[in-house]
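Heads up: the structure comes next, in structure tokens.
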Amino acid sequence: MTNVSTTETRAKGAVAEKLASESRNATKAMLVEFWYYFKQNRGAVIGLAVFLILVVVALLAPYVAPHSPDMQYRENFLQPPAWEEGGSATFLLGTDAVGRDILSRLIYGSRYSLFIGVVVVTIALSGGIVLGVIAGYFRGSVDTFIMRVMDIILAFPSLLLALVLVAILGPGLTNAMIAIAIVLQPHFVRLTRAAVLSERNRDYVVAARVAGAGNLRLMFKTILPNCLSPLIVQATLSFSNAILDAAALGFLGMGAQPPTPEWGTMLAEAREFILRAWWVVTFPGLAILVTVLAINLVGDGLRDALDPKLKRS
Amino acid sequence: MPLLEIRNLKVEFETASGPFKALDGVDYTVDSGEVLAIVGESGSGKSVAMLALMGLLPDTATVTVDKMEFEGRDITKLSATDRRQVIGKDISMIFQEPIASLNPCFTVGFQIGEALKVHTDLSSSDRSRRVIELLEAVGIPEPKGRLSSFPHQMSGGQCQRVMIAMAIACQPKLLIADEPTTALDVTIQKQILDLLLKLQEESGMGLIMITHDMGVVAETADRVVVQYQGRQMEESDVLTLFESPKHPYTKALLSALPENATGDRLPTVSDFREFLESEAKKVSA
Amino acid sequence: MSGDIILKVRDLKRDYVTKGGLFKKESTLSALKGVSFDVERGSTLAVVGESGCGKSTLARILTMIDPATAGTVEIDGTAIDISKGNISREMRQKVQIVFQNPYGSLNPRQKIGAVLEEPLLLNSDKPAAERRDLALSMLEKVGLKPEHYGRYPHMFSGGQRQRIAIARAIMLQPKLLVLDEPVSALDLSVQAQILNLLADLQDEFDLTYVFISHDLSVVRYIADKVMVMYFGEAVEYGTRDEVFSDPKHSYTKTLFAATPRADIESIRERLANKAA
């Protein structure tokens, strides 16, 4: 008797294993297809490479950076980059007005930039998804209320609103991130709502309702996964926007406070030396430019790969 | 000399999973005043062939053909401008979704007039007279009043009539109808098919009907090409095809018609599919 | 078998009210103008009509997606009325629906296994392993293979997807299945397979079908009783043979005359006319 049942369970286990591997294959096939369309866009692949390098550098900052970002070398104020006259290999990209190594500060700064991007996008995305799904699914007065509030937020110039919020909350990186997230949120709400509106009357949603699915399940389990493609694209683009806005707030003295090696703050500190020492402004500026460009390129590639309208069957 | 002659047409698409052969060496011949039906199921490449002729395929498609002649002129050798002259004037096409094929931003009268403006040198008053004539010819009541209607103000059947009016505006020598009635109701389908045949008979143009519906084939065609997965299975005149189909695929297709059902179960094409797969293996081996 | 009525519909009405705007009056559109019919257990009622005749509205009311404006629907002796609160699990399990478009009716981000298990998950307390076994056996019943369990809908052809949609609908072992143009988006050869499958399943599960279609040849093949609808009204209602051999209403006659004929005599006749 026991023998029979063990063989039976073994057979069942084998079936389950086979099903699981088949299911993994299906997921893999989806990823392969995604990658095929993504890599069609060469810019996106380059952008992705740059972004990955940036992530690695940020993670390994203490091992990669030649100096501590806060260490002031008293005898090396405003030393030019290594290849300029008067530069030295110790400070590859030169030093700033108080003798700190710019390269090391940029490397540590990448941590802040990525951190800002991740936090801001997470807040804006999750808030935007919840509000957008509710607005799009329930329609009616709930929809009107949410969308009018979002319209009001959108009516302000984004940086101005962020400034006002920071002024109320007090300057600092955390408050700056919250402010930027609030400013970026309406875009996610509108996008989610539009996607939900187009999906909610599809047959599969009706079928799920006939099968007995409740509102919450329909909203987040049935409809939401089908609305994610435009949101992912928007999230990447917002990621770079957040970095840019944070840098702008930092530049205006409302974001990260000195001596934090945040790129925007570095720019602000270097303002007065623009004419005397070009390198103090150029390198943080370039860092922002390259990062934002790379992420935007990735966003473009994602749009190509995820938007079924552009896909060729 | 036939109106249109295509020999050994091949079309390949590039996809994520490698190249895909949509058409593998098909031939078509159409004479003036003849109705050719191209019949096949989805994936048979029946639309692709005509899109290739019209030059409407996306960039991912590679088209190779031994011979593609319209009235004895080699279409593949024409310059882009000359080709545009032929296509649109001498060859025109109507599509499956009439409402989607019309531009929602412009009035019906304007859109038909546009086709005339490009391909003829009629004066504007002549053009508007011709537009009314055309609308009358395709059986739209009160054509004058309809000139300023927008597509969304008309039903699907009426939109298809407008599409037909646009297609015959320049008196083409060949009209290609790609599933012209699939999106329409049965009673409307009957009217549209009758209209197409009437116009074809009056003008003596060639008509290519692309369809999946054996009923439509039986009601319209003179000659029939049966396609399956990009290959030509059979070509014969319509009576022979229905009376004594040669190819097993055609036989299977005809016996799958519910009206031909005898007994409890419908015969399906699946038995035949195995045969075809073994054929395919032979070819690749 | 006669007298065992599973679905009883009396004087069913449904109005759509379009909201009036600033300069527009409120207007009412009647999609159903009082429809009555009975369906016997294990039989097939075909509802025939063209677009806008109210047949899809009827399907949505029968499957409790939309409420009716007036009239009664009784399924298996219980009246359904969704205007008063939620529908119980038991009622859900009695009626299910299969849609026309197999490409739109499956969630693109849900694997087939999850598609089939969802109704069980929501309406029963069966453990995961049991749900999986039921899903696997259902896959087999509709002619698919166990390895299809973990795949996504886009990896299937239209006919296979329609098989999946049918499997999902009968997972809960419903009494009544509403089929809203289930084969009109499919190729001819696939259509035949799906019609055969539906016939098999009807025998196996003692299902009752409400088969909505515009295609008379399919209706003639599958139906026991036929109801022809025209602008929200049932203009003809009777057994298949009655309706097909002796249509009473002028619209039914028009419909029959418009249906393309693929028999050799009519082709011959047409060619002869053309030559003349």
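The values are calculated or read from the model by the stated rules, or taken from the named source; none is laboratory data. No experiment lies behind these values; they were computed from the predicted model shown. For neighbour counting, all protein chains shown are included, and Cβ atoms are generated from backbone atoms with ideal geometry for every residue, glycine included. These accessible areas exclude ligands, DNA and RNA; they are computed on the full protein's heavy atoms, side chains included. Shrake-Rupley method; radii C 1.70, N 1.55, O 1.52, S 1.80 Å.
Before moving on, here are some points about what is shown:
So that you can scan it fast, the table gives a plain yes or no per residue for (1) open to solvent by less than 20 Å² (accessible area, probe 1.4 Å); (2) within 11 Å of chain A (Cβ to nearest Cβ); (3) among the β-branched types (Val, Ile, Thr):
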{"site": "C:Gly54", "(1), (2), (3)": "yes, no, no"}
{"site": "C:Ala68", "(1), (2), (3)": "no, no, no"}
{"site": "C:Glu74", "(1), (2), (3)": "no, no, no"}
{"site": "C:Gly77", "(1), (2), (3)": "no, no, no"}
{"site": "C:Ile80", "(1), (2), (3)": "no, no, yes"}
{"site": "C:Asn107", "(1), (2), (3)": "yes, yes, no"}
{"site": "C:Ala128", "(1), (2), (3)": "no, yes, no"}
{"site": "C:Gly143", "(1), (2), (3)": "no, no, no"}
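- Residue in the stretch B:229-254 that is modelled with the highest pLDDT, counting only those that are closer than 19 Å to C:Gln191 by Cβ and within 10 Å of another protein chain (Cβ to nearest Cβ): B:Phe242
- Subset of the stretch B:214-224 (residues that are over 24 Å from B:Ile168 (Cα atoms) and either more than 8 Å from chain C (Cβ to nearest Cβ) or of a type outside the set (Gly, Ala, Ser) (or both)): B:Met214
- Selection status of C:Ser105, outside any strand (DSSP E or B) and touching a strand residue (DSSP E or B) at 6+ places or on another chain (Cβ under 9 Å): yes
Table: residues versus (1) in the same structural domain as B:Ile91 (by TED's automatic domain parsing); (2) open to solvent by 30 Å² or more (accessible area, probe 1.4 Å); (3) modelled with pLDDT under 90.
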site: B:Leu174; (1), (2), (3): yes, no, no
site: B:Ala177; (1), (2), (3): yes, no, no
site: B:Thr181; (1), (2), (3): yes, no, yes
site: B:Ile188; (1), (2), (3): yes, yes, yes
site: B:Met205; (1), (2), (3): yes, no, no
site: B:Ala221; (1), (2), (3): yes, no, no
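- Every residue from the stretch C:244-268 that is among the basic types (Lys, Arg) and either within 8 Å of chain B (Cβ to nearest Cβ) or under 16 Å from B:Glu219 (Cβ atoms) (or both): C:Arg261, C:Arg268
- Residue within the stretch C:168-181 that is in contact (Cβ under 8 Å) with a residue 24 or more places away in the chain, open to solvent by 20 Å² or more (accessible area, probe 1.4 Å) and within 14 Å of chain B (Cβ to nearest Cβ) present: no
- Helices (runs of 4 or more DSSP H) within the stretch B:37-108 that include 1 or more residues exposed (fewer than 14 other Cβ atoms within 10 Å of the Cβ): B:80-85, B:98-101
- Residue match in the stretch C:221-240 (condition: closer than 24 Å to C:Leu106 by Cβ, surrounded by 20 or more Cβ atoms within 10 Å (Cβ to Cβ) and within 12 Å of chain B (Cβ to nearest Cβ)): yes
- Selection count, the stretch A:46-73, where residues are under 17 Å from the mean Cα position of the chain (by Cα) and loosely packed, with under 15 Cβ neighbours inside 10 Å: 6
- Candidates A:Leu165, A:Leu191: the one that is away from every other protein chain (no Cβ under 14 Å), open to solvent by 50 Å² or more (accessible area, probe 1.4 Å), touching a helix residue (DSSP H, G or I) at 6+ places or on another chain (Cβ under 6 Å) and in a helix (DSSP H, G or I) is A:Leu191.
Rundown of residues vs (1) at pLDDT 90 or above; (2) more than 29 Å from B:His119 (Cα to Cα), yes/no style:
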site: B:Leu9; (1), (2): yes, no
site: B:Ala16; (1), (2): no, yes
site: B:Tyr28; (1), (2): yes, no
site: B:Asp31; (1), (2): yes, no
site: B:Gly43; (1), (2): no, yes
site: B:Lys46; (1), (2): no, no
site: B:Leu51; (1), (2): no, no
site: B:Glu71; (1), (2): no, no
site: B:Ser79; (1), (2): no, no
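- Flag if C:Ser184 is under 30 Å from C:Asp15 (Cβ atoms), surrounded by 20 or more Cβ atoms within 10 Å (Cβ to Cβ) and within 16 Å of the chain's Cα centre (by Cα): no
- Qualifying residue in the stretch B:148-156 (condition: assigned by TED's automatic domain parsing to the domain that holds B:Gln189, in a loop (DSSP other than H, G, I, E, B) and open to solvent by less than 50 Å² (accessible area, probe 1.4 Å)): yes
- Filtered residue count, the stretch C:198-218, keeping only those that are within 17 Å of C:Leu176 (Cα to Cα), within 10 Å of chain B (Cβ to nearest Cβ) and open to solvent by less than 10 Å² (accessible area, probe 1.4 Å): 0
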